[in-house]
1. Mind jotting down the distance between the C-alpha centroids of region 116-142 and region 227-243, whole Å?
2. Quote to one decimal, in nm, the extra length available between residue 290 and residue 164 on full extension: 0.36 nm per residue of separation minus the C-alpha distance between them.
3. Please arrange 162, 208, 119 by counting, for each residue, the other beta carbons lying within 10 Å of its beta carbon, fewest first.
4. How long is the gain from residue 188 to residue 256 if the chain were fully straight, where each residue apart is worth 0.36 nm and the alpha carbon distance is subtracted?
5. Could you sort the peptides 79-87, 221-229, 194-202 by per-residue average Cβ neighbour count (10 Å cutoff), highest mean leading?
6. Using a simple spin-label model with points 7 Å from Cα along the Cα→Cβ vector, what separation in nm is obtained for residue 119 and residue 281?
7. Once both labels are modelled 7 Å past Cα along the beta-carbon direction, what's the residue 62-residue 246 spacing in nm?
8. Let a ≥ b ≥ c be the square roots of the eigenvalues of the Cα gyration tensor of region 65-162; is it rounded (a/c under 1.5), or, if not, prolate (a/b larger than b/c) or oblate?
């Protein structure tokens, strides 16, 4: 059975209209999709970071280390006593001080007094501020996780402000090379420090750093072992008592070397007016230390 020509034409036009409508709908949907994609996509310069853009942020605090003193934004004097609690691997971690540019200006390796692993222990460390560090500083106490992936086992930080950036001068005693017949002969070298009321402590701190490049060029050398820590320094009348950790006598042997160590410490501390005696101790012991 054959349809009339008019019916075939009618069906043809209906099919064409349907296809046109579908095409228009597809175009509209594609346009809407393109608009949506553009609206949520950042521009190319935002997607591609450049070397000139850096993001600086402090790590998230990890409460295995706390800083209880000084408090945030507290005004302090040099040297700064940093104290708190820590629960870290082998009870040891790092305390450092940064300036406002993020440069580390002072570092100390610290031990807590925790009695057992997994327990919190107290710590306290005294850190002099070097000349030129500025007044706005940040203290960071941290320990990296033992697994070695760069994560923190503990982290804490506080901003502080130095009361004064004025400077003062102290002297440190170094053995002068070549060493003659008398091993106790020293030369005094001047050091600039941030002004402080604890000049005896800071002078010993400077002594333990060892000679600078220019001082070495002038013949200065030190006999004091690397890594010696100051436990305490106090003055009573004309006597200064200086207590150190056991590193002071680590692998120290020979009469000349012992004389030189004692002479460096004693002459550094006798620079101060009215000081006639210096008592050296190691973890509180004065007997049987620094034996030849």
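1. For region 227-243 versus region 116-142, the Cα centre distance is 21 Å.
2. On the way: separation 126, 0.36 × 126 = 45.36 nm, distance 3.81 nm.
Gain on stretching residue 290 to residue 164: 41.5 nm.
3. Numbers: 162 18, 208 22, 119 11.
Going from least to most buried by this count: 119, 162, 208.
4. Numbers: separation 68, 0.36 × 68 = 24.48 nm, distance 1.91 nm.
Result: 22.6 nm gained on full extension.
5. Details: 79-87: 20.4, 221-229: 16.4, 194-202: 18.2.
Those peptides, ordered most packed to least, come out 79-87, 194-202, 221-229.
6. 2.6
7. Modelled inter-label distance: 2.9 nm.
8. On the way: a/c = 2.29, a/b = 1.64, b/c = 1.40.
Prolate is the answer for region 65-162, as a/c is 1.5 or above and a/b outweighs b/c.
Laboratory data are not the source of any read-out in this text; all were calculated from the coordinates shown. Everything numeric here is computed off the predicted structure, so don't read it as measured data. Methodologically, a virtual Cβ is constructed for each residue, glycine included, from the backbone with ideal geometry; neighbour enumeration extends over all protein chains shown.
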